[in-house]
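To start, the structure itself, in structure tokens.
Each reported figure results from applying straightforward, stated rules to the coordinates on display, with no laboratory input. Since the model is a prediction, treat every value here as computed from it, not as a measurement. Cβ sites come from the backbone with ideal geometry, for glycine too, and all protein chains shown count toward neighbours.
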Amino acid sequence: MVEIVKAEEGGEILDIELDVNLQRRNLELAEANRRLLESFGVRAIDFMGSVGSGKTCLIGRLVEALKGEYRIGVIGGDLTTTIDMELLEGLGVPVVQVNTGRECHLDANLVAKALEKLNLQQLDLVFIENVGNIICPADFPLGAHRRVAVVSVVESPYIIVKHPLTFQTVDVVALNKVDLAQAVGADVERLEADIRRVNPKLAIVRTSCKTGLGIQNLRETLKL
Ligand code: MG
Ligand code: ZN
């Protein structure tokens, strides 16, 4: 038998009131971001997922596929580096880097600051890459119209069941790196079944950023 201490039953969440206020404030700012975007007719899509799940790569593929039809800008969150945004800037779209320092997620306030640096009048679409982390970005809506979780099939077989809240706050899951599933013994069908159990409304798209598989499907799922 495993002994369990549940935080919500008197465990150690000491700053819960601060947390509630913080999240309420974040939500207000997220709504303001949404109104700002909509006042310029801009649609925003927010990508979250672990480091190495393929967020930057998928955004890059979408930019390549869409930049003839849409004017695209990208906002990227990262603790300290500019590696990913330099890569995407190479595709010829305006990018804004948000370095969060110690913070392991973007919040609506940081995104508001980033939006100030984009010329929204000249954009149709903004992709937001969250800090690489599948947990707390779920608690911080940014004002985007759609949220995508990127999960690579080479992550833990329990990646879905261990993070149910994340998969309840997103609209689409990209199951990425499916080209590697066989090599690492990943059970893609089981991951999909886990996703459906956690959130039956979620759209699931199998992708391989490397081969380009599923990019068209992802695009259609995002109604782009
Ligand atoms: Mg990245
Ligand atoms: Zn965080």
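How would you order 88-98, 134-144 from highest to lowest mean count of nearby Cβ atoms within 10 Å? Don't skip to the end; give the middle numbers.
Numbers: 88-98: 18.0, 134-144: 21.5.
By packing density, highest mean first, the sequence is 134-144, 88-98.
Tell me which of PHE47, ILE72, PHE140 sits at the most positive position along the dipole axis of the chain, charges placed on C-beta atoms (Lys, Arg +1; Asp, Glu -1).
ILE72
What dipole magnitude, in Debye to the nearest 20, does the chain give about its Cα centre under +1 on Lys/Arg Cβ and -1 on Asp/Glu Cβ?
Working: 25 positive and 31 negative charges, 155 e Å.
I would put it at about 740 debye.
Equivalent ellipsoid semi-axes for the chain, as square roots of 5 times the alpha carbon gyration tensor eigenvalues: give them largest first, rounded to whole Å.
Details: eigenvalues 146, 118, 46 Å².
Square roots of five times the eigenvalues give 27, 24, 15 Å.
Using Cα-Cα distances under 8 Å and only pairs 6 or more residues apart, what relative contact order does segment 16-221 have, in percent?
Details: 402 pairs, mean separation 51.2, N = 206.
Dividing the mean separation by the residue count of segment 16-221 yields 25 percent.
Do the sum for the chain: with -39,500 (n - 2.57) for every DSSP H run of n ≥ 4, divided by all residues, what is the mean residue ellipticity at 222 nm, to the nearest 500 deg cm²/dmol? Don't skip to the answer; put the middle values down first.
Numbers: 8 runs with 79 residues, N = 224.
-10500 deg cm²/dmol, from helical runs alone.
Give, as a single signed number, the net charge of other residues whose beta carbon lies under 12 Å from the beta carbon of ILE45, with Lys and Arg counted +1 and Asp and Glu -1.
Here the charged neighbours net out to +2.
Would you kindly state how much longer the chain becomes between LEU180 and VAL51 on full extension, computed as 0.36 nm times their sequence separation minus their alpha carbon distance, in nm to one decimal? Before the final figure, lay out the partial values.
Values: separation 129, 0.36 × 129 = 46.44 nm, distance 1.69 nm.
In short, 44.7 nm is gained.
Treating the beta-carbon of each Lys and Arg as +1 and of each Asp and Glu as -1, no other charges, what is the dipole magnitude of segment 135-224 about its Cα centre, to the nearest 20 debye? Mind dumping the intermediate values first?
Details: 12 positive and 9 negative charges, 41 e Å.
So the magnitude is around 200 debye.
Taking the chain as a Gaussian network, where each spring joins two C-alpha atoms under 10 Å apart, which residue of GLY68, GLY54, GLY76 fluctuates the most?
GLY68
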